[in-house]
1. So what is the diffusion coefficient of segment 66-181 in µm² per second by Stokes-Einstein at 4 °C and 1.567 mPa s, using a Kirkwood Rh over Cα pairs?
2. State whether segment 103-171 is rounded, prolate or oblate according to the following rule on the C-alpha gyration tensor (a ≥ b ≥ c being the square roots of its eigenvalues): a/c under 1.5 gives rounded; otherwise a/b larger than b/c gives prolate, and the remaining case gives oblate.
3. At a Förster radius of 22 Å, what calculated FRET efficiency corresponds to the Cβ-Cβ distance of residue 189 and residue 85, to the nearest 0.05?
4. Please report the antiparallel percentage of DSSP beta bridges with both residues in the chain, rounded to the nearest 5.
5. Using amide H atoms built in the peptide plane, which far-off residues or other-chain residues are under 5 Å from residue 26 H to H?
6. State, to one decimal in nm², a quarter of the convex hull surface area for the C-alpha atoms of the chain, i.e. the direction-averaged projected area.
7. With n ≥ 4 as the cut-off for DSSP H runs, can you work out [θ] at 222 nm for the chain, using -39500 (n - 2.57) per run divided by the number of residues, rounded to the nearest 500?
8. Based on the alpha-carbon gyration tensor of segment 1-145 and its eigenvalue square roots a ≥ b ≥ c, which shape applies: rounded if a/c is under 1.5, prolate if not and a/b is larger than b/c, or oblate?
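None of the figures in this text is laboratory data; all of them are computed from the coordinates on show. These figures come from a predicted structure and were not determined experimentally. Note: ideal-geometry Cβ built from the backbone for every residue, glycine included; neighbour counts use all protein chains shown.
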Amino acid sequence: MGFLTGKTAIITGAGRAVLSDGKCGSIGYGIATAYAKEGANLVITGRNVKKLEDAKEELERLYGVRVLTVQADVNAGADNEAVVNEVVRQAVETFGGIDVLINNAQASASGVTLADHTVEQFDLAVYSGLYATFHYMKACYPYLAKSHGSVINFASGAGLFGNFGQCAYAAAKEGIRGLTRVAATEWGKDGINVNIVCPLAWTAQLEQFQLAYPDAFKANVKMPPMGHYGDSELEIGRVCVQLASPDFKYMTGETITLEGGMGQRP
C-alpha cells in the first residue's frame with residue numbers, strides 16, 4: 001500500500017509510448033507508473049485511444065490500481081471547456097474527487113523556425129499546452145480546494161533558453177510557467193500545492209525529433225552534466241510523487257528543474 005492509496009490523480013498526455021529499446025518513452029506514462037506504484041487511482045487522457053488502452057491494461061495488471069481512460073484533445077477547433085469538463089465529470093463520478101492534477105500533455109511542430117511557422121502550428125502548441133493547462137486547472141479547482149490537493153504543471157528549457165526551432169513550444173511553456181506562478185499565489189490560501197517541472201527526459205518524442213531534425217536536435221538538446229537524460233518514471237515520475245506528498249506543501253510556487261536526474265530549486 002503506497003501513500004497515495006485512495007487518492008485520485010488526473011494525468012494528461014499519459015498514453016503508453018516506448019523507446020526503440022523497449023523502455024518507457026513517455027513522461028506522462030512514466031508519471032502514471034510512479035503513481036500506480038503508490039496506489040493512486042488514475043485518470044489518464046490523450047488523443048490516441050490505443051495508447052491509453054495499452055496504458056490502462058498494463059497499469060491495472062501490474063499494480064492493481066483502477067485506471068479511467070478518457071480520450072480528450074484540446075485544440076483550436078474544439079469546445080475545449082466542454083472537453084475538459086467532461087474529463088473532470090467522469091473522474092469525479094468514478095472516484096469521488098480529485099487530489100492531484102498533472103498537466104503534462106503538449107504537442108508542437110518542433111524544428112520549424114519562427115519565420116516559417118504557420119498559424120496552425122502555433123495554435124497546435126498553444127492550445128494543446130497552455131489552453132489545456134488553463135482549462136484543466138479551472139475545472140479541477142473546486143475539487144482540489146476540497147481535497148487540499150496538488151497541481152503539477154510542465155514547462156521546458158525551450159522557453160527558458162530560447163531554443164532554435166521551438167518558438168510555439170517555447171511560448172506555450174513560458175505561458176504555463178506564468179500561469180503556474182499566479183495559481184500558486186492565488187490558491188495557496190486554499191491549501192492547494194502548485195508547482196512546475198522543467199524536465200529533460202529521453203522520450204520517444206525526443207527520439208523522433210532527433211531522427212527528423214538532426215540539426216535542430218544538435219543545436220538544442222545538450223547532454224546534462226551528469227551524463228544522462230532523466231528517466232521518465234524513476235526520476236521525473238518520482239519527483240511528481242513527492243510533490244503530491246503533504247510533506248512538500250512548503251514547496252508551493254517553486255520550480256523544480258530536472259536534468260539528468262538532478263533536481264534543484266532555482
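1. 87 µm²/s
2. Values: a/c = 4.36, a/b = 2.27, b/c = 1.92.
Prolate, since a/c reaches 1.5 and a/b exceeds b/c.
3. Values: r = 25 Å, r/R0 = 1.11.
Using R0 = 22 Å, I get an efficiency of 0.35.
4. Working: 4 of 33 bridges.
Percent antiparallel among DSSP bridges in the chain is about 10.
5. Here 17, 204 satisfy the definition.
6. Numbers: hull surface 52.5 nm².
Result: 13.1 nm².
7. On the way: 10 runs with 113 residues, N = 266.
Result for the chain, helices only: -13000 deg cm²/dmol.
8. On the way: a/c = 2.30, a/b = 1.35, b/c = 1.70.
Here segment 1-145 falls in the oblate category.
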